[in-house]
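Data block below; observations after.
The values are calculated or read from the model by the stated rules, or taken from the named source; none is laboratory data. Model, not experiment: these values are computed from the prediction. When we count neighbours, we look across all protein chains shown, and the Cβ atoms used for this are built from the backbone with ideal geometry, even at glycine. Please note that ligands, DNA and RNA were not included when accessible areas were found on the heavy atoms of the full protein model with its side chains. Shrake-Rupley method; radii C 1.70, N 1.55, O 1.52, S 1.80 Å.
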Number of protein chains: 2
Amino acid sequence: MADMKVRDVVMIGAGPSALAAGVYTTREDIDTVLYEKGVVGGMAAITDKVDNYPGFPDGVEGMKLASLFQSQAERFGAQIELGEVSEIRDDGDYKTISVDGQEVRAKAVLIATGSDYKKTGVPGEAEYFGRGVHYCATCDGAFYRDRKLVVIGGGNSAVQETIFLTRFASHIDLVVRSTLKASEVLQKELQKYVEIGHVTVHLGTSPVEMVSTDGKISSVRVSDNGVEKSIETDGVFVFVGLLPNTGFLKESSIELDEYGLIKTDSKLATSMKGVFASGDVRSGATLQIASAVGEGASAALSIREYLDGLKHHLGDTESPQAT
Amino acid sequence: MADMKVRDVVMIGAGPSALAAGVYTTREDIDTVLYEKGVVGGMAAITDKVDNYPGFPDGVEGMKLASLFQSQAERFGAQIELGEVSEIRDDGDYKTISVDGQEVRAKAVLIATGSDYKKTGVPGEAEYFGRGVHYCATCDGAFYRDRKLVVIGGGNSAVQETIFLTRFASHIDLVVRSTLKASEVLQKELQKYVEIGHVTVHLGTSPVEMVSTDGKISSVRVSDNGVEKSIETDGVFVFVGLLPNTGFLKESSIELDEYGLIKTDSKLATSMKGVFASGDVRSGATLQIASAVGEGASAALSIREYLDGLKHHLGDTESPQAT
């Protein structure tokens, strides 16, 4: 039998944004459970070094930062459980959430499931994730001052981030499977860097393997129109797309944007009353830990406001100490 | 003579939001100067203990956190200067900022001057700021579990925060200068707590002094319709209003809301092109360090995007390595 107790808040995901929200809600004695289907700490936990989360002047290992977030949420009483959510249903004042086939009820829900970066899937990529193979130029570009880079992708973000990475890298090889799909403006801008020899574009070229020497990425083996060749590099940035973790919302009434990210208003409320979203899964997200954490805190305050309103609406007469 | 060099970004204020933004811009070699008229670290720096900034599970002294933020921004090259900004003028692609009577030019501006809490001005208040006298229930309420509190104020926020603080405090004395000005809904809700003896409302009552014993707040001396009396307490929360630091914008075209906070769009852009705002000075701000930091990071990405657009627009032909 499913537990029919109604939780105050169910948070879906236990990355930086949900953990920050959990610090806020539980510190105010709001009953909170987080369901995580993967790694507690989310993308932060699998990042080698985080250099730009304010408060850690010398940088901090992603895994360490994630565990600090977790301890802080748990200190105030956040309950973190492993479980995959497959559905959210609006049952009026309560939402029903399916977790591993069990139903859980909650007065409010925070969706903070994040987004995953699409992978190329070639050998070496997973092994050197965050340690030579990267997916976020803003996060990790600065580690490649005066070094050589390979960028993989041909869309807007690949070209935009290649241009951005020129401020650090001494040279960039841009590996494009077919032709450039980026906007004309971006292609024109890229051309300036090609002309001065700062960027080399390889069209019709696919990655075959990310090759390491002495535990470090040293080259990318590619297939250039069927002919294999090797491009020497100090690191690889992959920009082949983003996969928002919103598949479980397909059947719900929660509005998504054209990329599958969740639309929110200025209070971080989604189109389903009582359901909020924060962090990398939100339309307009910056994919930065600091932003995800800040939105988690803000979402928690919106949730408190919503729960307070709900309490009055329901004519709740329990003694105030018990809230 | 004023220096006519055009800076990439001028940030007004050097609190958590601007320092976070400065980490991001300078890490990407965007030339950045912050002008602070008061304390580097802003309100965070003068907070005794910060319990809810994610990453510090056991809490952290406000001054320590502020100095970590500062070191991190300076590590990447942010320049922090003392100076009071009195004006921002839109001169097309450049803004002109008056700092202590000198003119500084910048391609983009971030306003992160924060807001100050209005004070009662009575003896003892300044001395025990953050150590018995508080202005933020979300930040410091949880330090008063099962303890007695005095709340000062009679408007919406005073009543709302009194209701919120009942979840921690064993009893609250609400000290109201004249009559309650809060909305009827809030007054009705407050009445429930009065009826069960959890809150006592003192109308026509003004604080006279915050009294300490052995270095701790022990009571508030008040004038109750002209008669002095003493209310024993473990702490005081003051909610008599917020003073956004936007006085210097009065003559500018930057739009403010009815409280004097700066209106922004989803990219944190103000109504003046190239001028952004983040943190406690922004309309809709949560007054939380985590949110201010997150917005600082997001604003920095918007500023980068703006500067990149501006560069193309200006037909900048400098070599890309020099950007």
Exercise. If you take the alpha carbon radius of gyration of the range B:221-262 and divide it by 2.2 N^0.38 Å, what ratio comes out, to two decimals?
Worked result: 1.98
Problem set entry | Shielded residues, the range A:24-53 - accessible-area loss of 30 Å² or more between chain alone and all protein chains, probe 1.4 Å | A:TYR24, A:ARG27, A:GLU28, A:ASP29, A:ASP51, A:ASN52, A:TYR53
Exercise. Could you work out Rg/(2.2 N^0.38 Å) for the range A:113-169, with Rg from alpha carbons only?
Worked result: 1.13
Problem set entry | P(r) weight above 31 Å for chain B, C-alpha pairs, percent | 38
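Could you work out, residue by residue across B:13-20, how many beta carbons of other chains sit within 10 Å of that residue's beta carbon, and then give the average as an integer? Don't jump to the answer; show the numbers that get you there.
Working: counts 0, 0, 0, 2, 2, 0, 2, 8.
Across the residues of B:13-20, the mean count of other-chain Cβ atoms within 10 Å is 2.
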Problem set entry | CD proxy at 222 nm, helix term only [per DSSP H run n ≥ 4: -39500 (n - 2.57); per residue of chain B; nearest 500] | -7500 deg cm²/dmol
Exercise. Hey, rough spin-label estimate for A:PHE143 and B:LYS273, points 7 angstrom out along Cα→Cβ, what's it come to in nanometres?
Worked result: 3.9
For this session: Run the accessible area of chain A with a 1.4 Å probe and give the carbon-and-sulfur part as a rounded percent.
Result: 49
Exercise. P(r) tail for the range A:133-238, what percent of Cα pairs lie past 15 Å?
Worked result: 58
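With the convex hull built on the Cα atoms of the range B:55-212, state its orientation-averaged projected area in nm². Can you show the working numbers first?
Numbers: hull surface 56.0 nm².
If you wrap the Cα atoms of the range B:55-212 in a convex hull and average its projections, you get 14.0 nm².
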For this session: Return the Cα extents of the range A:1-139 along principal axes one, two and three, sorted largest first, each rounded to a whole Å.
Result: 47, 35, 22
Exercise. Span-like helices, chain B: DSSP H, alpha-carbon axial extent 27 Å or more, mean Kyte-Doolittle 0.0 or greater, which ones?
Worked result: B:289-313
Exercise. So for the pair B:GLN187, A:ASP257, with labels modelled 7 Å out along Cα→Cβ, what separation do we get in nm?
Worked result: 4.4
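Restricting everything to alpha-carbon atoms, can you work out Rg to Rh for the range B:24-65 with a Kirkwood hydrodynamic radius?
Numbers: Rg = 13.3 Å, Rh = 12.1 Å.
Rg/Rh for the range B:24-65 comes to 1.10.
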Seminar exercise, completed: DSSP beta bridges in the range A:38-187: the antiparallel percent, rounded to 5, is 70
For this session: Please report which chain A residue places its beta carbon nearest the axis carrying chain A onto chain B, with the distance rounded to a whole angstrom.
Result: A:GLY294, 1
Problem set entry | Range of Cα positions in the range A:76-149 per principal axis (Å), largest first | 56, 29, 23
Problem set entry | Solvent-accessible area buried by pairing A with B, both sides, nearest 100 square angstrom, 1.4 angstrom probe | 4700
Exercise. Do any of A:LYS148/A:LYS188; A:LYS216/B:LYS5; A:LYS119/B:LYS267 go past 32 Å between their Cα atoms, and which?
Worked result: A:LYS216/B:LYS5
Exercise. How large is log10 I(q)/I(0) at q = 0.05, 0.07, 0.10 Å⁻¹ when the Debye formula is applied to the Cα atoms of the protein assembly as shown, each weighted equally and without solvent?
Worked result: -0.25, -0.48, -0.95
Exercise. For the range B:188-232, what is the accessible area per residue in Å² when the probe is 1.4 Å?
Worked result: 55
Exercise. Can you give the accessible area of B:ASP31, probe radius 1.4 Å, in Å² rounded to 10?
Worked result: 50
Exercise. Put a dot 7 Å past each Cα toward the Cβ at A:GLN102 and B:LEU243; how far apart are the dots in nm?
Worked result: 5.4
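What pairs in A:LYS250/A:LYS273; A:LYS95/A:LYS118; B:LYS64/B:LYS107 have C-alpha atoms more than 23 Å from each other? All intermediate terms of the calculation are to be shown ahead of the outcome.
Values: A:LYS250/A:LYS273 17 Å; A:LYS95/A:LYS118 31 Å; B:LYS64/B:LYS107 32 Å.
In this structure, A:LYS95/A:LYS118; B:LYS64/B:LYS107 exceed 23 Å between Cα atoms.
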Problem set entry | Per-residue average of Cβ from other chains inside 10 Å of B:133-142 | 2
Seminar exercise, completed: Between B:SER266 and A:SER67, the FRET efficiency computed from the C-beta separation at R0 = 30 Å comes out, to the nearest 0.05, as 0.40
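Roughly how crowded by other chains is peptide B:54-64, in terms of the mean Cβ count from those chains within 10 Å of each of its Cβ atoms? Display every interim value, and only then the final one.
Details: counts 23, 18, 5, 11, 4, 2, 1, 0, 0, 0, 1.
Neighbouring Cβ atoms belonging to other protein chains average 6 per residue here.
For chain A, give the share of DSSP beta bridges that are antiparallel, in percent and rounded to the nearest 5; count only bridges with both residues there. If you can, show how the numbers build up before the last one.
On the way: 32 of 66 bridges.
Rounded to the nearest five, the antiparallel share is 50 percent.
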Exercise. Shortest first and in nm to one decimal, what separations exist between B:ASN225 and its copies in the other chains, measuring from label points 7 Å along the Cα-to-beta-carbon line?
Worked result: 9.5
For this session: Write down the radius of gyration of the range B:1-55 and its Dmax, each obtained from C-alpha positions, in Å.
Result: 13.7, 47
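Calculate how many DSSP beta bridges within the range B:133-238 are antiparallel, expressed in % of all such bridges and rounded to the nearest 5. Could you put the intermediate results ahead of the total?
Numbers: 14 of 29 bridges.
Approximately 50 percent, going by the DSSP bridge assignments.
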